[in-house]
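Only one structure is covered here, and it is reproduced in the block below.
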Amino acid sequence: MIFPVLWQDDRALLIDQTRLPGELIQVPITDYQEMARAIKTMIVRGAPAIGVAAAYGMCLGARSIETEELGEFLAQLEFMAEELRQTRPTAVNLFWAIDQMLNVAYTQGENVAEVKAQMLAQAQAIQAQDLQTCQAIGEAGLAALPAQPEKLRLLTHCNAGALATAGYGTALGVVRSAWAAGRLERLFADETRPRLQGAKLTTWECVQEGIPVTLITDSMAGHCLQKGWIDAVVVGADRVARNGDAANKIGTYGLAALCAMHKIPFYVAAPLSTVDFELADGSQIPIEERDPREIYQLGETRLCPEGVDFYNPAFDVTPAELITAIITEAGAVPPGQLAHLNAV
Ligand code: MRU
């Protein structure tokens, strides 16, 4: 099993995802500011994994607060929470996990020491829960996939695997479950420009599991769909609005539009913690813009001349009408029915 975040000996251990697939290295994180940096620089990435990491970041922050006075402790904790919130804007799991941690801090424990202990228990519960949730998503996805052909050729974009969650994965969880059930012939993995999560991380996970995987560049997906080589597309999400509009890695929207064109089912696999029921639709989802060097540099090599302007959005929003079903731990539903799951 691959665990991108672990808690061991009073510190967090993160798989450094910027070093994969070349090196599998765990970096120890001992304070909340280091955790904020790790999230921002994408040592840890993927919506649910960011949530788990932020929860442990809150624990590290809490532990470093020296006061015994509860009011003062909470004030300092709020300050730390704000710094963690500033790391990445799109994945709602970050804010969801921080709010859960603050809620525990405000409501559980008679004194600072007890609150700190309760916060650690909560972070561990968030992590354990996400692992179970991903396994449930895998099962729900397996049941929702097309019945024919028996052996499916699936395509995914970015990395929504074990590395992007507490373990197992959402979209890649569905792929794992299909593989285990003998229903997968092959996964096609989009390379996912500019950060190459598909090329570096999704293929790495598949190789670990012995899942047959074909790497393509993003621009080849349309061609593969047109050739009839793909039976369904499964992707993850960073934030899903109440109406089912789903933000995911840049390029997802184009892929969904191509699926509609070729009448190929397009699934979004995401835990309910990724659904932002407060947002009516996807137009309100904040889209992260990242350093333009991600698109104009390959390693140390500059790809274009001076004098060019850049735009580097990390995510796009796929309209609900292009999504066949949203696969959650509570089952797979058409996007229009997502709001009914709010009560679950
Ligand atoms: O920028 P990243 O690598 O954090 O983006 C990740 C994605 O877009 C994933 O598809 C999404 O977070 C779902 S992870 C289960």
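The values are calculated or read from the model by the stated rules, or taken from the named source; none is laboratory data. Quick caveat: nothing in here was measured; it's all calculated off a predicted structure. FYI the Cβ positions are ideal-geometry reconstructions off the backbone, even for glycines, and counts take in every protein chain you see. Ligands, DNA and RNA are stripped out before the accessible areas are found, and what is left, the full protein with its side chains, is counted by its heavy atoms. Shrake-Rupley method; radii C 1.70, N 1.55, O 1.52, S 1.80 Å.
Taking all protein chains as they are arranged and a probe of 1.4 Å, the heavy atoms of His340 leave approximately 140 Å² accessible to solvent. Taking Trp229, Trp7 and ordering them by how much accessible surface each has at a 1.4 Å probe, largest first, produces Trp229, Trp7.
Between Arg37 and Met220, full extension at 0.36 nm per residue minus the direct alpha carbon distance yields a gain of 62.5 nm.
Placing a label point 7 Å from the Cα of Ala113 along the Cα-to-Cβ line, the residues of region 65-83 whose backbone N sits under 16 Å from it are 65-70. Determine the shape class of region 144-343: with a ≥ b ≥ c the square roots of the Cα gyration tensor eigenvalues, call it rounded for a/c under 1.5, and otherwise prolate if a/b is greater than b/c, oblate otherwise. Oblate, since a/c reaches 1.5 and b/c is not below a/b.
Dipole orientation for region 144-343: of the candidates Leu196, Thr274, Cys259, Cys259 has the Cα lying most toward the positive pole (charges on Cβ; Lys, Arg +1; Asp, Glu -1).
Counting only DSSP beta bridges whose two residues both lie in the chain, roughly 50 percent are antiparallel.
Per atom type, the chain shows carbon and sulfur on 52% of its accessible surface, probed at 1.4 Å. Computed from backbone phi with θ = phi - 60° and the Karplus coefficients 6.51, -1.76 and 1.60, the 3J(HN,Hα) list for region 50-55 is 4, x, 5, 4, 5, 4 Hz; x is used for glycine and proline. For the chain, the mean residue ellipticity at 222 nm estimated from helices alone is -12000 deg cm²/dmol, where every DSSP H run of n ≥ 4 contributes -39500 (n - 2.57) and the total is divided by all residues, rounded to the nearest 500. Remark: relative contact order (region 144-343) = 21 percent; criterion is Cα-Cα distance under 8 angstrom and separation of 6 or more residues. In this structure region 141-233 gives 35 Å² per residue of accessible area when probed at 1.4 Å with all protein chains present.
Normalising by the residue count of the chain, find the relative contact order in percent from Cα pairs under 8 Å and 6+ residues apart. After rounding, I find 16 percent.
Couplings 3J(HN,Hα) of region 83-95, computed from phi: 5, 5, 4, 7, 6, 9, x, 8, 5, 6, 4, 4, 6 Hz, in residue order, whole Hz [Karplus 6.51 cos²θ - 1.76 cosθ + 1.60, θ = phi - 60°; x for Gly and Pro]. A DSSP coil position with no more than 14 other Cβ atoms inside 10 Å describes the following trypsin sites (Lys or Arg not before Pro) in region 16-99: Arg19. DSSP finds beta bridges in region 144-343, and of those with both partners inside it, around 40 percent are antiparallel. Using C-alpha pairs below 8 Å separated by at least 6 residues, the relative contact order for region 234-276 is 54 percent. Taking 20 Å as the limit for the C-alpha separation, the pairs Lys40/Lys200; Lys200/Lys263; Lys227/Lys263; Lys151/Lys263 exceed it in the case of Lys200/Lys263.
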